[in-house]
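Student: Can you keep this structure in mind? I'll have questions shortly.
No value in this document is a laboratory result; all are computed from the given coordinates. All values reported here derive from a predicted model rather than from experimental measurement. Note that we place each Cβ from the backbone using ideal geometry, even for glycine, and neighbour counts take in every protein chain shown.
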Amino acid sequence: MKKNVFFLAIIIAISSVSCLRMDDMLYNESALDFYKLDDYEGEVDFRLDNSYAIPDSLTYLFTLESQTATETTPTKIYAIYLGDTNRIATDTIIMYCHGNRDHMDFYWQREKLLANVGGKNRFGVLMLDYRGFGMSEGKSTEEGLYADVDAGLTWLKNHGLTNDRLVIYGFSLGSAPATELAAHPRSMIPSKLILESPFASAAVMVQDGSILDIPPSYFTNLKIDNAEEIKRVNQPFLWFHGIDDTFLNIKTHGEVIFKNYHGTKGIAVRVKGADHGEVPEKFGFVPYCKQIEDFITGNY
């Protein structure tokens with residue numbers, strides 16, 4: 001219901017302002033003057049107890065320069081690395097690509113949870129705010145998403161990370177850069193791919209949400225098509241999706257992606273009772289972390 005209302009609002013807006021398209025609505029940018037992390041009091045999907053806390057000494061906030069092929073100057077984006085930066089050359093690292101909601105403060109609990117997979121800071125975790133989100137400069141675009149995440153991968157590579165120790169994880173909107181950079185690697189080749197509540201394509205999002213028989217091309221120029229790109233992914237693939245996801249329906253989105261995957265190893269985790277954003281909590285934080293640990297270590 002919420003999904004239909006969301007897209008109906010877009011339809012009404014487009015009817016009155018012909019230049020407005022879904023492309024502009026996909027990125028729910030929210031600017032910040034500074035990051036609060038544990039002190040953030042806004043709405044989040046879930047909150048972890050103190051046992052998941054990460055020491056300040058292992059929390060590194062920094063900036064990256066991201067540049068698309070059509071840009072003449074780089075865009076400054078912000079990132080947070082959890083772990084010891086001196087161990088990147090020997091650690092396994094999770095590159096976490098967040099969703100379209102707000103900024104890194106909203107996803108801070110998720111990054112902390114991943115930093116507890118297999119024990120405190122067993123794996124390093126890198127998260128960044130796409131351009132236009134949080135304190136990152138610029139305006140979000142599809143190519144910008146890919147360039148921003150690749151800027152993070154370049155930073156990891158420059159700190160000694162090798163392809164065999166890189167895992168890329170995409171949640172919701174983040175499934176686009178995660179899948180794209182696994183299927184068409186740039187600076188690094190991820191050894192494994194994890195997607196949580198992914199969307200099949202921009203076109204399917206429009207078809208699912210629209211109650212009118214209007215071609216998807218009327219609403220968007222986005223070329224994101226995870227269901228097609230996953231066919232080019234050969235790396236082991238772990239997929240999480242809530243069975244009760246009312247935003248990205250598991251049947252029209254996640255199931256289609258998983259069916260189209262033909263790589264070396266595919267693992268599907270369908271979480272009962274979980275809506276969009278509820279997978280870690282409804283699955284259970286401990287089994288969620290164990291599932292990811294087993295996947296990363298090859299304990300299938």
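Student: Take peptides 56-64, 280-288, 125-133 and line them up by average Cβ neighbours within 10 Å, highest first, as a rough protection proxy.
Tutor: So the peptides 56-64, 280-288, 125-133, ranked by packing, come out 125-133, 280-288, 56-64.
Student: Same structure again: Could you give the dipole magnitude of region 101-204 about its Cα centre, charging the beta-carbon of Lys and Arg +1 and that of Asp and Glu -1, in debye to the nearest 20?
Tutor: That gives a dipole near 420 debye.
Student: Cβ neighbours within 10 Å, averaged per peptide: list 194-200, 166-172 in order, most packed at the top. Could you put the intermediate results ahead of the total?
Tutor: Numbers: 194-200: 27.4, 166-172: 25.6.
Peptide ranking by packing, descending: 194-200, 166-172.
Student: If you don't mind, another one. Within a 10 angstrom radius of the beta carbon, how do 156, 113 rank from fewest other beta carbons to most? Please list the in-between numbers first.
Tutor: Numbers: 156 23, 113 20.
Fewest-to-most Cβ neighbours within 10 Å comes out as 113, 156.
Student: Same structure, new question: For a protection proxy built on the mean count of beta-carbon atoms within 10 angstrom, sort 182-190, 37-45, 224-232 highest first, please.
Tutor: Sorting 182-190, 37-45, 224-232 by mean packing, highest first, produces 224-232, 182-190, 37-45.
Student: Something else: Which entries of 36/120; 36/282; 157/265; 120/231; 139/259; 76/290 show an alpha-carbon separation above 28 angstrom in the structure shown?
Tutor: Result: 120/231; 139/259; 76/290 exceed 28 Å.
Student: So if I place +1 on the C-beta of Lys and Arg and -1 on the C-beta of Asp and Glu, and nothing else carries charge, what would the dipole magnitude of region 38-146 be about its Cα centre? I want it in debye, nearest 20.
Tutor: 340 debye
Student: With the contact rule set at Cα under 8 Å and sequence spacing of 6 or more, what percent relative contact order holds for region 61-156?
Tutor: Once normalised by length, the contact order is 35 percent.
Student: Please work out whether region 60-119 counts as rounded, prolate or oblate from its C-alpha gyration tensor, where a ≥ b ≥ c are the square roots of the eigenvalues and a/c under 1.5 means rounded, while otherwise a/b larger than b/c means prolate and anything else oblate?
Tutor: It is oblate, given that a/c is not under 1.5 and a/b is not larger than b/c.
Student: For labels at residue 49 and residue 120 in the simple 7 Å Cα→Cβ model, what's the distance in nm?
Tutor: 1.6 nm
Student: Explain nothing, just compute: Karplus ³J(HN,Hα) = 6.51 cos²θ - 1.76 cosθ + 1.60, θ = phi - 60°, for every residue of region 172-180 in order, whole Hz, x for Gly and Pro.
Tutor: Once θ is set to phi - 60°, the couplings for region 172-180 become 6, 4, x, 5, 5, x, 5, 5, 4 Hz.
Student: Taking K and R as +1 and D and E as -1, what net charge do the other residues with C-beta under 11 Å from the C-beta of residue 283 add up to?
Tutor: With Lys, Arg at +1 and Asp, Glu at -1, the net is +1.
Student: Along the Cα→Cβ direction, 7 angstrom out, place labels at residue 297 and residue 159. What is the inter-label distance in nm?
Tutor: 2.3 nm
Student: Test of understanding: ordering 97, 289 by Cβ neighbours within 10 Å, fewest first, what list do you get?
Tutor: Starting with the residue having the fewest Cβ neighbours, the order is 289, 97.
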